[in-house]
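Before any comments, here is the structure.
The values are calculated or read from the model by the stated rules, or taken from the named source; none is laboratory data. Because the structure is a prediction, the values reported are computed rather than measured. Every residue, glycine among them, receives a Cβ derived from its backbone with ideal geometry; neighbour counts consider all protein chains shown. The area values use the complete protein model at the heavy-atom level, side chains included, leaving out ligands, DNA and RNA. Shrake-Rupley method; radii C 1.70, N 1.55, O 1.52, S 1.80 Å.
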Amino acid sequence: MQEYGVISLVPTLIVVLLALFTKRTFEALLGGSLVGFLILSPLDFFTSFTNTLLEVLQDATIAWIVLVCGLFGSLVHLLTSSGGTKAFSDYLLRYVKGRRSALLVTWAMGLLIFIDDYLNALTVGASMKKVTDKFKVPREMLAYIVDSTAAPICVLIPLSTWAIYVAGLLESEGVAASGEGMIAYIQAIPFILYGWIAAIMVPFVALGWIPALGAMKKAEKRAKMGILIPPNSVSIAMNAPEVTNEHPKMKHFALPIIVLIAATIFFEIDALKGIIFALVFTVVYYAIAKVSSFIDSMEGVFSGFKSMIYALAIVVMSFVLKDVNDSLGLTTYIVESVSPILSKELLPAVAFVSLALVTFSTGSFWGVYAISLPIMIPLSESMGVNTFLAVGAVISAGAFGSHACFYGDSTVLSASATGCNNISHALTQLPYTLACGALSAIFYLVLGYML
């Protein structure tokens, strides 16, 4: 395979520049991807682009993401049109008396819904907007808190899709025997520093102990004037339907969510099976309880799915960019660039920083795990580095990328669920993610020398 060296960075740089200039995510990803295909095959770039797009759309993982997120849009539509979301928000407002408590409740909900980052971001974001709006919290702040309890929390909880995936990789790499991958994963949890730091920082921000930084400060000033939603948020936001139920009750929200979580756990943490089961339950339950007719509910299912189209287009195009970066050898280039400075003491910190850069640049998290863990595990063993410290650094890098990358799937979904412009969300939370990343790198450096 041809090596492109520093040129492999060009598509990602184009994406970042276009996103900052246009404040649009899909268009930036499209532009960066096309530039990448021009580098790869100048005379036939458009054919390469369309072929890759078809390959991405045929990928089982992409199909899973499209169905999960689209059907979750359907469920949110049903919960909203039934008045269940409003009833839930009204219930919380009885006890939430101010801005700080509203943000802390949002954080607490994120801690409770830890099974999957998609499930977390979409559930918490969609249900807390009315609560935080009452206290003039900018949508960017809500999106930051929602996003901070998605991947950063999922990597810390053994019963999550992230943990199950990595546990399987640990078994395949011989760190754990067959069936014991989760035991090995649990041993790495204390070393997943980014997850701990990002989750712990949220209450400090919510309580105002850490002030609004950078672009978030501007968002706070705008919100005090009554403008809670940043400009250009319409295309990314999930559409809020009219409430058709004359007598909404909190159980119209709570029961479907409980069924969703229970079904996801029952079906071995498969969010697709969980959301399908929850949708069937909700349609039948609403018909029996005379909340909504079967026909109206089914129309709501399709309307809700359509509301997720733009967000899903961003996710699909991010995978096209990932394929471009893989073909250009971006991950290999970055790893080879930092490998000369590797030493036993520096390995955890360098692994975290370099892989965090890869995940931020590519928007690929689980893919980076699949590529880097088979390298990092034998490398750490041969250098005498604590294996679980090295594994924790790799997992942390993925959590950082998922949290910080503005076209990463959980970032896009957090923005969509909270009705916040995706670029505004990414830029306002960037100072916090960078601070958490810097602290993580420092602690990995210290642990590298201590352990």
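Take residues that are of a type in the set (V, I, T) and tell me which of the helices (runs of 4 or more DSSP H) falling wholly in the range 162-226 contain 2 or more. So that I can check it myself, show each step before the final result.
On the way: elements: 181-188, 193-206, 215-224.
Those helices (runs of 4 or more DSSP H) span 181-188, 193-206.
Residues G5, G32: which one is farther than 30 Å from K136 by Cα and crowded, with 20+ Cβ neighbours inside 10 Å? Can you show your working first?
Working: G5 fails: crowded, with 20+ Cβ neighbours inside 10 Å.
Going through G5, G32 in turn, just one is farther than 30 Å from K136 by Cα and crowded, with 20+ Cβ neighbours inside 10 Å: G32.
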Unmet criterion (only one of (1) within 22 Å of the chain's Cα centre (by Cα); (2) without any contact (Cβ under 8 Å) to a residue 60 or more places away in the chain; (3) buried (at least 18 other Cβ atoms within 10 Å of the Cβ); (4) over 21 Å from T12 (Cβ atoms)) for K273: (3)
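Take the residues in the range 27-75 that are over 24 Å from L17 (Cβ atoms) and charged (D, E, K, R); name whichever of them is modelled with the lowest pLDDT.
Once the filter is applied, the top-ranked residue is D59.
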Matching residues in the range 176-189 - criterion: being touching a residue at least 40 places away in the same chain (Cβ under 8 Å) and open to solvent by 40 Å² or more (accessible area, probe 1.4 Å): Q187
Output for the range 276-299, where each listed residue is of a type in the set (A, V, I, L, M), in contact (Cβ under 8 Å) with a residue 60 or more places away in the chain and part of a helix (DSSP H, G or I): I276, A278, L279, V283
Selected residue [touching a helix residue (DSSP H, G or I) at 6+ places or on another chain (Cβ under 9 Å) and under 30 Å from Y449 (Cα atoms)] from V324, V412, V385: V385
Given (1) modelled with pLDDT of 90 or more; (2) closer than 13 Å to R139 by Cβ, index of the condition L439 fails: (2)
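Looking for something open to solvent by 10 Å² or more (accessible area, probe 1.4 Å) and modelled with pLDDT of 90 or more - is there at least one such residue anywhere in the range 167-174?
Going through the range 167-174, the residues open to solvent by 10 Å² or more (accessible area, probe 1.4 Å) turn out to be 168-169, 171-174.
Subset that is modelled with pLDDT of 90 or more: none.
No, the range 167-174 contains no residue that is open to solvent by 10 Å² or more (accessible area, probe 1.4 Å) and modelled with pLDDT of 90 or more.
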Residue match in the range 181-195 (condition: under 30 Å from L445 (Cβ atoms), of a type in the set (S, T, N, Q) and touching a Cys at 6+ places or on another chain (Cβ under 7 Å)): no
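From the list I257, I192, I227, exactly one residue is loosely packed, with under 15 Cβ neighbours inside 10 Å and of a type in the set (V, I, T). Which is it?
Working: I257 fails: loosely packed, with under 15 Cβ neighbours inside 10 Å; I192 fails: loosely packed, with under 15 Cβ neighbours inside 10 Å.
None of the others qualify; the one that does is I227.
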Odd one out for Y333, checked against (1) open to solvent by 60 Å² or more (accessible area, probe 1.4 Å); (2) under 21 Å from the mean Cα position of the chain (by Cα); (3) at pLDDT below 85: (2)
Residue in the range 341-358 that is free of Cβ contacts under 8 Å to residues at least 12 places away in the same chain and either farther than 25 Å from Y194 by Cα or assigned to a helix (DSSP H, G or I) (or both) present: yes
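For the structure I just gave you, tell me whether A262 is in contact (Cβ under 8 Å) with a residue 24 or more places away in the chain, open to solvent by less than 60 Å² (accessible area, probe 1.4 Å) and hydrophobic (A, V, I, L, M, F, W, C).
Details: in contact (Cβ under 8 Å) with a residue 24 or more places away in the chain: no; open to solvent by less than 60 Å² (accessible area, probe 1.4 Å): yes; hydrophobic (A, V, I, L, M, F, W, C): yes.
No, not satisfied.
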The range 115-161: number of residues that are of a type outside the set (K, R) and either on the phi > 0 side of the Ramachandran plot or outside any helix (DSSP H, G or I) (or both): 13
Subset tally (residues that are within 22 Å of A223 (Cβ to Cβ) and open to solvent by less than 10 Å² (accessible area, probe 1.4 Å)) for the range 66-117: 6
Residue satisfying all of: in the range 422-440; touching a Ser or Thr at 6+ places or on another chain (Cβ under 8 Å) and among the hydroxyl-bearing types (S, T, Y); nearest to K221 (Cα to Cα) among these: S424
